[in-house]
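One structure is given here, and the rest of the page talks about it.
The values are calculated or read from the model by the stated rules, or taken from the named source; none is laboratory data. Every value quoted in this text rests on a predicted model; they were computed, and no experiment measured them. Here the Cβ is made from the backbone with ideal geometry for all residues, glycine too, and neighbour counts use every protein chain on show.
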Amino acid sequence: MSETPDADLKKQLEAERKARRHAEFEPKRRESQLLSLNNVLTRSLAEARKLNQELKASHEQLQESHRQLLQSEKMASLGQLSAGIAHEINNPVGFIHSNLGTLEGYLDDLRRLLKLYERHEHLLPDEARADIADLKDEIDYRYLMDDLPLIVSESREGTERVRQIVQDLKEFSRTDEGRFKQADLTQIIESSLNIAHNAIKYKAEVERDLQHSRPLTCMPNQISQIFVNLFVNAAQAIKKQGTITVRTRDIGPDILIEVADTGSGMSEDVRARIFDPFFTTKPVGQGTGLGLAIVYGIIERHRGTITVESAPGKGTCFQITLPVNPTAADAGDDQAQGDDASDTPDSC
């Protein structure tokens, strides 16, 4: 039996109501889905940015570790070579230096003898005095007597320089000499400033900002060598009059040290190479290029780090971190990673 027109109309109206309800609620449902998906996407983007930052930081850390590893390998291989060279050079240079000192004494004796002879030369026969005068002219006697002491003196200075180079090479190759002991860092700094005083006094005022509160377990002579090198380099970088600033402060298990100057600064190319052995920007004969390489090796031996900030015309700042107790540095590394941002070294 077929449905009545009223029944058909009811079905049609019901279908239309359902369609309207669907049309009303479907956009809201879709909007809710879109909002939910947008929230998921936002969280995903935030996580991606965080992961990207972590990846970038890890990449930079890996690059720095790679650079330090390469530097360590350079230092180790060159250290072995340097030890052999220093040993081979040291003995003959010692003989030469000693013999030149003896020769200076002999020359003084001969000069006294010749002066005595000259005072009595008038007692000789005329022919003998004429022959002597001719020989003096031939050999340029006066010049020879004036030049001989200078030659010996310059030779002594040359051997002194070679001995200093040998000493630098020996220091460069040293790996386990000396003993760690507690030392007063302030005293080491002041002693180093005294040693470097002649290089500094006409070039710079020294400003001190020493805020560390703990003794440092170290090899004091080697730490002093770090400061002497940095102070002398800072003075040499100052053309006229400037300032050298040395700062210290406690930072977690370490002591942070900064040595800054108002000198001429360095280009990026120079800054990238300053810790390379035998690299120097000084004129030939005025530097071995081992100073900062030795500094790097000493800091590495103390399980510390060194970085440098510099730009042409803007001075230079070296930042050094040294563990208060290097023998506990490995245990301190884990703690340092958990320290808050306030323990991060500030820029120079």
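Contact map, the stretch 120-149: residues that are within 23 Å of Leu107 (Cβ to Cβ) paired with residues that are outside any helix (DSSP H, G or I) and aliphatic (A, V, I, L, M), Cβ distance under 9 Å, separation 6+ or inter-chain. Pairs shown: Ile132/Leu124. Of the helices (runs of 4 or more DSSP H) lying entirely inside the stretch 249-348, those containing at least 3 residues that are out of contact with any helix residue (DSSP H, G or I) (no Cβ under 6 Å at 6 or more places or on another chain) and at pLDDT below 80 span 268-273, 329-338. On the stretch given as the stretch 96-146, residues that are more than 30 Å from Val162 (Cβ to Cβ) and either in contact with a Ser or Thr (Cβ under 6 Å, 6 or more places away or on another chain) or in a helix (DSSP H, G or I) (or both) total 27.
The rows are residues; the columns are (1) under 20 Å from the mean Cα position of the chain (by Cα); (2) part of a helix (DSSP H, G or I); (3) within 16 Å of Cys348 (Cβ to Cβ).
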| residue | (1), (2), (3) |
| --- | --- |
| Glu205 | no, no, no |
| His212 | no, no, no |
| Ile223 | yes, yes, no |
| Gln236 | yes, yes, no |
| Arg247 | yes, no, yes |
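When the stretch 104-162 is examined, which residues are found to be among the aliphatic types (A, V, I, L, M) and under 30 Å from Val93 (Cβ atoms)? If you could, list the steps in order and put the result at the bottom.
The first filter runs over the stretch 104-162 and keeps only residues among the aliphatic types (A, V, I, L, M), leaving 107, 110, 113-114, 116, 123-124, 128, 130, 132-133, 135, 139, 144-145, 148, 150-152, 162.
Result: Leu107, Leu110, Leu144, Met145, Leu148, Leu150, Ile151, Val152, Val162.
Any idea how many residues of the stretch 289-302 are of a type outside the set (A, V, I, L, M, F, W, C) and in contact with a Leu (Cβ under 8 Å, 6 or more places away or on another chain)? Walk me through how you get there before you give the answer.
At the first step, the residues of the stretch 289-302 found to be of a type outside the set (A, V, I, L, M, F, W, C) are 289, 291, 296-297, 300-302.
Next, only the ones that are in contact with a Leu (Cβ under 8 Å, 6 or more places away or on another chain) stay: 302.
Matching residues across the stretch 289-302 total 1.
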